Amino acid sequence: MTKGVKGRNYQLSIIGRYLVLIVIGLIFVFPLLFMVMSSLKPNMQLLRDSGSLRAFLPVGDISFNNYIDAFKRVPIARFMFNSVFVTIITLVFGLFINSLAGFAFAVLRWPGKNIILALLVATLIIPFETIAIPLLLIVNELPWIGAQGFKIGWLDTYHVQIIPFIADAFGIFLFTQFFKDLPKELVEASRIDGASWFQIYTRVFVPISGPVFATAAILKFLGMYNQFLWPLMTSQSESYRPVMVGVQYFFQLNVAWGEIMAYLSMITIPVLVFYLWLQRAFIESIAASGVKG
Amino acid sequence: MSDSRLEARVKTSQSPHLFSHKQKEALTGWFMAAPALILLLTFLIIPFIFAFYFSFTNQRLVSPNPTEFVGLSNFTRLLTVRTFTLEPLLDETTKQAQRDEAGNLVYPSLRDYTRNNPDYPQLNGLREWRSWQSGNKRTYLLASDVVFMKALVNILLFVLIVAPVQAGLALLLALLINQPLRGINIFRTIYFMPVVISMVVIAMLWRFIYDGNNGLLNTLLGYLSFGNFKPVDWLGNAKTAMPAVIIMSIWQAVGFHMVIWLSGLQTIPSVLYEAASTEGANNLQKFRFVTWPGLRNTAIFILIIITMQAFGLYTQIEVMTRGGPLDSTQTLVFQAVQRGFEKQDISGGSAISVLLFLIVLSVSLIQRYLTRERR
Amino acid sequence: MTYKKLLALIATLFIFATASAQTPLSMWYHGAGNEVEKNILNGIITDFNASQSDWKIELQEFPQGAYNEAVVAAALSGSLPDIIDTDGPVMPNWAWSGYMQPLNLAEGSLDNFLPGAIGNWEGQVYSVGLWDAAVAMVTRRSTLEDNGIRIPSLEQPWTADEFNAALETLKATGKYDYPLDLGMAWTGEWYPYAFSPFLQSFGGDLIDRSTFLSAEGALNGPEAVAFGNWWQSLFANDMAPGTSQDGADRDTGFADGKYAISWNGNWAALGALSAFDDVLFLPAPDFGNGPKIGAASWQFGVSASSKNPEGANAFIQFAIQDKYLAAFSNGIGLIPATASAAAMTDNYADGGAMAVFFELSKQQALIRPPTPGYVVMALVFEKALADIANGADVQDTLDAAVDEINADIEKNKGYGFSN
């Protein structure tokens, strides 16, 4: 990898590396290809093609009809806005609160933290379906002060989809483990300089933890964006529903597979855009941490 | 540097204040963790305490009947296991063990003992889970909830296979795409693709792939073997269904852990690699002495997370097999959801969740003990 | 201010007051994503809102696959709408749990309705459907005639032997992947809806309907075991694709010629009719106790927490007019609930392409057990059928199903039934 003589062997090894990358890439890319190609085909043809390599090729009767029909069936723009809005707000608060807790668990010494962390990690296994009903009963009794004044019960709002998911054990654990990997010298040096713990968090840890924040962000984004059961239970009016509830709109007696593929292709775009944007942020932050490290 | 730090430590520990540094640090720790802990307490722990309580009652999702406390009966119903041995039937005249045409010993029907037999109250309602032959006798392992037992065994096997394989593959992929090559971002994105698409969708797509008649996998294997491959009904066969689910699960989630490994790799300061290079280390040595030690906590994290996620196997099962064929893909979470939601038996579903929680808590504590930092 | 102006103001206020005096009634419907259904229903609602000045219906639609969860969540949080729609066999569960109240329609309103479209619980009508659904053996005249198979009629359906022989014959032609398509890909309610009638035709049932307290004997007696053995043989002998059938084959297999006979609902009939010009819709075979098919589809009811039940009833009364029954049938292909409405439709009028379904529904339909425990029974039965299809021991599997159903009934203190 050192910059030196770029001989024949080096070029061969580069080609070899690309070959490996491409072969593995093919294994991962095929569902997306299948999805996108299918979204362009009429239902019957899509199903017939699904058993052969034609599934990956834009052949036969190709059109954007499925997209047009999907727009007619589901208020896509509304659902997309709801999902992105709920996801982003949860994400922003979540990154802050979870990383702060992660910092406390990784860096500070306080009684009880090991037991609490072990318990938190174990809560990751609780299937959401198990707590959905009690959670529903709880949020139904919680007060809220909003535009319409004081109100009991959170149903049919955005915040019922946001607040319960801001803190998550996965995020806390992720930050904890990564902060533990950072060199201890960083903390000790700053303490000597008289920095407070909060300053160490904001000025030392946050700036060099770009990759972790990016990872936590994308994983949280996926989790929130794919929410289904909870928004279904708590948003009774269509105006608060997110995209995954929309998928159900296509499961009529005769499933409109082509439209489903079109819808899925569309709702995947925000996730991809977010991921690509984060990747750039990733690289910049790595460049930055390289200087400091 | 280490000397000055030592001095500093000695100095700080002596400074007089209202709170000692230790107490201050502890308070700050609690304070910083508090927002997250309060939210988790309200929206996760308390609901789970409800579930915990439900598991000792007969709570229904939908019912006009009052809830009653039933003690441990939800748990005993799940966990009761007994062995039972049957002697072969004897021929009336010869007093020899009877044999059928194929020469196998003939036993009385197990059903006669386990259903409404007043002489064997302890066997009532039990079902055969396993059985084996020892000499002339046939021994049965009976369970009161065979589906639960099968689900438990399935999920343990699933975890044992998926956790190491997936973690290893994810690390390989992360190393592969951490190379400074042009266009590597495209590959990073492609490898992450399956994670981006929701599991429900992925599972639906894989049903097409695994189809027994004209599925893509059979078509592909047919090409590769020049038509010699006999199509397999991957999800319809009790022997292949779980392996099919395992492969698909690893394929879907490996990108998730690849990203975590990758962010671990990228937090390793590049100066360490430069130093290793100047000392003449080869790639393997760099991995052994720089990369791997630097990934220690990432590795712990990934191991625990994968274990956890594997125990939570649900969506694929719901979409692809619903536990079948013949319970070969039953899992604990699938059963918990099916009972709690679909069968409206919150108490039964909660009992499974509580058991699962206890299992995972112990696994997680063991993992933490084994990977603890030795000071 | 002139006297005239004041009068005008009062008049305006009065008009305003009467306009807003329409009390809003909320209504939930399971058809989100189905534009045709939505348009028809909105048509009824607009007509109703304009027809009187007391009530104003406000519709909220949910996707079908998630509708029951939404209702349960709303019931738990005390936010049910005034009018809900309910899948027929689920209604007793909701009525028993106190989500619904009995209907209060004008005397004789339902006299001409298909029995499957009326939801009874504890001797009272809780729900009524604008349509019913039916299932038939879908095949082609040429398929049967070319192979010398008798075309059965409502009066003389296939016997079990005849049906099995027909499958053998069709399999022997080698022209099909499978002679029969049961729709095993459609997990969920399709299993009990489409397959429990076979069990009932054999003489078994999901539960002993004389008490509704036990499945012992009904679901694991000799008749049920005979059914189970027959069911298992279909898959063991490759007569029908099993549980791993993919949804695509179910949707297109018959039209593609992969299957000779498809056991399918009338909602799929239009597709079959457009694929071939000699499609037949045949009655279920008679396995000894008469041919049977399932009944009851989606129905309207009033929630128990509705503050305006008279308004909700007024709407339902309004909606069950023949013209709306006919409109739904023309729109989504389902069977109108009355004969007079059927006569107004394209497909179910005498001589219409699907008229046979109306007769099927009238003569053979047997509703799924009307008990709150049905919800659990359905799932237990689904699993038992899947396991038997995959080769599980028939008696053991049925015994286990009986145990689970009985345990559930016991846990629920009989679901309101007692000896």
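Numbers at a glance
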| quantity | calculated |
| --- | --- |
| Qualifying position, being closer than 30 Å to C:SER306 by Cβ and surrounded by fewer than 21 Cβ atoms within 10 Å (Cβ to Cβ), among C:GLU145, C:GLU122 | C:GLU122 |
| Which listed residue is crowded, with 24+ Cβ neighbours inside 10 Å, facing another protein chain (nearest Cβ under 10 Å), closer than 29 Å to B:ILE247 by Cβ and under 24 Å from the mean Cα position of the chain (by Cα), from B:GLY349, B:GLY312 | B:GLY349 |
| Scope segment B:221-234; condition away from chain C (no Cβ under 11 Å) and either of a type in the set (A, V, I, L, M, F, W, C) or assigned to a helix (DSSP H, G or I) (or both); matching residues | B:LEU221, B:GLY222, B:TYR223, B:LEU224, B:PHE226, B:PHE229 |
| Any hit, segment B:261-282, residues being out of contact with any Ser or Thr (no Cβ under 8 Å at 6 or more places or on another chain), free of Cβ contacts under 8 Å to residues at least 60 places away in the same chain, within 30 Å of C:ILE388 (Cα to Cα) and in the same structural domain as B:ILE202 (by TED's automatic domain parsing) | no |
| Which numbered condition C:GLU223 misses (of (1) closer than 25 Å to B:LEU235 by Cβ; (2) away from chain B (no Cβ under 14 Å); (3) not aromatic (Phe, Trp, Tyr)) | (1) |
| Criterion: within 14 Å of chain C (Cβ to nearest Cβ), surrounded by 20 or more Cβ atoms within 10 Å (Cβ to Cβ) and either in a helix (DSSP H, G or I) or modelled with pLDDT of 85 or more (or both) - qualifying residue of B:ASN218, B:ASN237 | B:ASN218 |
| Selected residue (criterion: nearest to A:MET266 (Cα to Cα)) from residues of segment A:101-126 that are buried (at least 19 other Cβ atoms within 10 Å of the Cβ) and more than 8 Å from chain B (Cβ to nearest Cβ) | A:GLY102 |
| Residue in segment C:297-320 that is on the phi > 0 side of the Ramachandran plot and not assigned by TED's automatic domain parsing to the domain that holds C:PRO192 present | no |
| First in segment A:161-180 and modelled with pLDDT under 90, second anywhere and part of a helix (DSSP H, G or I) and β-branched (Val, Ile, Thr), Cβ under 6 Å, 6 or more apart | A:PHE178/A:VAL212 |
| Test result for B:VAL245, aliphatic (A, V, I, L, M) and closer than 30 Å to A:SER13 by Cα | no |
| Top-ranked residue in segment A:85-94 [being surrounded by fewer than 20 Cβ atoms within 10 Å (Cβ to Cβ) and touching a residue at least 40 places away in the same chain (Cβ under 8 Å); ranked as nearest to the other protein chains (Cβ to nearest Cβ)] | A:PHE93 |
| The listed residue being more than 22 Å from C:ASN39 (Cβ to Cβ) and modelled with pLDDT of 90 or more, out of C:PRO336, C:PRO309 | C:PRO309 |
| Yes/no for A:GLN252 being without any contact (Cβ under 8 Å) to a residue 24 or more places away in the chain, in contact with a Pro (Cβ under 7 Å, 6 or more places away or on another chain) and within 11 Å of chain C (Cβ to nearest Cβ) | no |
| Residue within segment B:327-338 that is surrounded by fewer than 22 Cβ atoms within 10 Å (Cβ to Cβ), in contact (Cβ under 8 Å) with a residue 12 or more places away in the chain and at the interface with chain A (Cβ under 7 Å from one of its Cβ atoms) present | no |
| Flag if C:GLU189 is more than 22 Å from C:THR169 (Cα to Cα) and within 14 Å of chain B (Cβ to nearest Cβ) | yes |
| Residue, farthest from A:TYR18 (Cα to Cα), within segment B:165-186, restricted to residues that are crowded, with 22+ Cβ neighbours inside 10 Å and at the interface with another protein chain (Cβ under 8 Å from one of its Cβ atoms) | B:LEU173 |
| Pair list, Cβ < 7 Å and 6+ apart or interchain, from segment C:144-161 residues that are assigned by TED's automatic domain parsing to the domain that holds C:VAL279 and free of Cβ contacts under 8 Å to residues at least 60 places away in the same chain to residues that are assigned to a helix (DSSP H, G or I) and surrounded by 15 or more Cβ atoms within 10 Å (Cβ to Cβ) | C:ASN147/C:THR169; C:ASN147/C:LEU170; C:ILE149/C:ALA166; C:ILE149/C:THR169; C:ARG150/C:GLU162 |
| Set C:VAL128, C:VAL138: member being β-branched (Val, Ile, Thr), in contact (Cβ under 8 Å) with a residue 24 or more places away in the chain and closer than 19 Å to C:ALA240 by Cα | C:VAL138 |
| Checking C:GLU107 against (1) touching a strand residue (DSSP E or B) at 6+ places or on another chain (Cβ under 9 Å); (2) part of a loop (DSSP other than H, G, I, E, B); (3) away from chain A (no Cβ under 14 Å), the condition it does not meet | (1) |
| Residue identified as in a helix (DSSP H, G or I) and in contact with a Ser or Thr (Cβ under 9 Å, 6 or more places away or on another chain) among C:ALA284, C:ALA342 | C:ALA342 |
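Residue by residue, here is whether (1) part of a loop (DSSP other than H, G, I, E, B); (2) crowded, with 23+ Cβ neighbours inside 10 Å; (3) within 14 Å of chain B (Cβ to nearest Cβ); (4) polar (S, T, N, Q) holds:
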site	(1), (2), (3), (4)
A:ASN82	no, yes, no, yes
A:SER99	no, yes, yes, yes
A:LEU136	no, no, yes, no
A:THR157	yes, no, no, yes
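The values are calculated or read from the model by the stated rules, or taken from the named source; none is laboratory data. Bear in mind that the values here come from a model prediction, so they are computed numbers and not experimental data. Every residue, glycine among them, receives a Cβ derived from its backbone with ideal geometry; neighbour counts consider all protein chains shown.
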